[in-house]
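Following: one structure in structure tokens, then a few remarks.
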């Protein structure tokens, strides 16, 4: 990859105006071909049961129904599991969660299709479901054998420590609640080929899953995505909608659209893993951790999906920003009769971080110190104490400087005193404050996924068309990559156009996930551009007899080469007339990645992102309600490509994290029925929940030490973890009721109900 000139520029999102005007085209907006039929899914009303009989006679006779499909209609692989089998498209004999698809119909309208599936008569032999982590652990119902990660001798270090505490902690699940739900449009082509429009983060794997289902080659399936209306991981491996849609199209030889309504989407699809942890920790009087033992268990649902990798990332981020010399973690992946838990922004890292942050907070309250000071004393160093528990040396650590800068800018120390005065004067309202750090590793931990491809054309008029494997889902990837291309070619941004991501243009792509989309696809695109520039440079050298060894400069629509200046458009025309290639594919693979999953040693990440947040809250001790008074964020984004877009990512990520940790509560009944399956029963942050004062700043001294495009750092996942400060600010407010003499019992999400229960316990203790 050519070493491009560093730059940063604020530009509006390429689809920004279209988003707010309604002209942005999503899958459901695509003009449907004539004779399009509409799909609907019939799903299990039992969480765990043998399927005795499915009578679909009334379904088939229902008005408008043209086809019904079951597992018997699948020519090839009846599974959409991305890594392991276990996710049947339609089960043969057993339903394993409430909401599991059993069959699907195609009808002449959406309404008729949805009415038809309700006419199925399914008889079950009910089995007792396993719903909770605790129940799965007790019954040893696990997807994989427990994993033990150990460094040093934590048991001995805990034993010899002057101070010791133990306890447990829970972080809840979370619904993705993307604005655009699961939707697909399948169009049959000649030779049994199919064009699939899908709201997916992973077109290539969608292609592969469907091809295996139909027992066809990958080249017979073309998947196209112009943009999706949010994904957050929920569209990384959820292939069931696209698979069923294409199966119906295969059955009828007609175009099929399948769009899940919000209720069905929330019932059928998987969510963030909730985690439960037991811990034992030994530490010094200053709060420095000597030894730490964890038992970490997650609710994985009925199949593996991505649970192994997600739990792996939780283990990799159990340290957050802290040097843990002696540590042992036992990890349990619990199989439950719920929808398979799946990827969600942070991919397990945030659950691991919350576990260690809760311990740090409890240590501080045990020794009656400011949690900020205890966090600081445990931070990774630069020359010493700079190797992680999995053996990776940290070479880009800026957490100490960033943390101190934020404390100063947010006036953290003075505000603590003001909060103490407020709490003294107010009986029923209490304030709390917390500052929390973030160190988040960037790369797919599955090594082969760290690759990307791109395709770039320069047309004879000097305009540029490009395509890459990344998905635009609101984060501005297309905008930033177009900026990279325009900068590299010295052309106005408006001259660069990006088309829909398409498996027939750029094959074998990785998912747009792991905060790596711009890093990977931006580098692949620049690789393609560099090949075209090489062709042009050689052409100019030869034709105009330029012998300069200095690389030409592409700037402001011109090429500066030697002592000559060439008009870009003119050179492009000349190059075409001289049969010089103006098109190229590009490729990039992340260097330095080397991680052994069996030994849990190596370098799983290319670099780390750092950040910190200070949050001040007020809680009502009579209602349990919490209000965000002020949030100050300092995020390391390196030499950012587009600061405006990064600000948006930071703000959005924080609010989504706030939702996860304070209000978004997924609830299952004992029978396995999900009770929070609509906007009426599931609360996400609204405008009124945004902090009253919201200060977001990009760390000015940040610069990626690795050879990443523009020396930038990602802001996809890391900002979500900044919301940990909200949870611990609430905990601080509760602690003030006992004048910080007791440690509050609080688990995430810190809903009004949980806050009230924690207050009640504090008062009873006091």
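Values in this text are rule-based calculations from the coordinates and carry no lab data. Note that the structure is predicted; figures quoted are calculated from it, not measured. Please note: Cβ atoms are built from the backbone with ideal geometry, for glycine as well, and neighbour counts cover all protein chains shown.
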Would you check if residue 507 is under 23 Å from the mean Cα position of the chain (by Cα) and either in contact (Cβ under 8 Å) with a residue 60 or more places away in the chain or farther than 27 Å from residue 560 by Cβ (or both)? yes
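Conditions tested, residue by residue: (1) within 27 Å of residue 132 (Cα to Cα); (2) surrounded by fewer than 17 Cβ atoms within 10 Å (Cβ to Cβ); (3) in contact (Cβ under 8 Å) with a residue 24 or more places away in the chain.
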{"site": "676", "(1), (2), (3)": "yes, no, yes"}
{"site": "690", "(1), (2), (3)": "no, yes, yes"}
{"site": "698", "(1), (2), (3)": "no, no, yes"}
{"site": "704", "(1), (2), (3)": "no, no, yes"}
{"site": "741", "(1), (2), (3)": "no, yes, yes"}
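A quick yes/no check of all residues on (1) outside any helix (DSSP H, G or I); (2) within 29 Å of residue 703 (Cβ to Cβ):
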position: 377; (1), (2): no, yes
position: 414; (1), (2): no, no
position: 434; (1), (2): yes, yes
position: 439; (1), (2): yes, yes
position: 445; (1), (2): yes, yes
Residue check for residue 136: outside any loop (DSSP other than H, G, I, E, B) and in contact with a helix residue (DSSP H, G or I) (Cβ under 9 Å, 6 or more places away or on another chain): no
Filtering segment 278-317 down to residues that are free of Cβ contacts under 8 Å to residues at least 60 places away in the same chain and not in a helix (DSSP H, G or I), which residue is farthest from residue 82 (Cα to Cα)? 295
Restricting segment 143-177 to residues that are in contact with a helix residue (DSSP H, G or I) (Cβ under 7 Å, 6 or more places away or on another chain) and over 15 Å from residue 283 (Cα atoms), the one surrounded by the fewest Cβ atoms within 10 Å (Cβ to Cβ) turns out to be 144
Strands (runs of 3 or more DSSP E) wholly inside segment 29-119 that include at least 3 residues being under 28 Å from residue 229 (Cα atoms) and touching a residue at least 60 places away in the same chain (Cβ under 8 Å): 37-43, 101-107
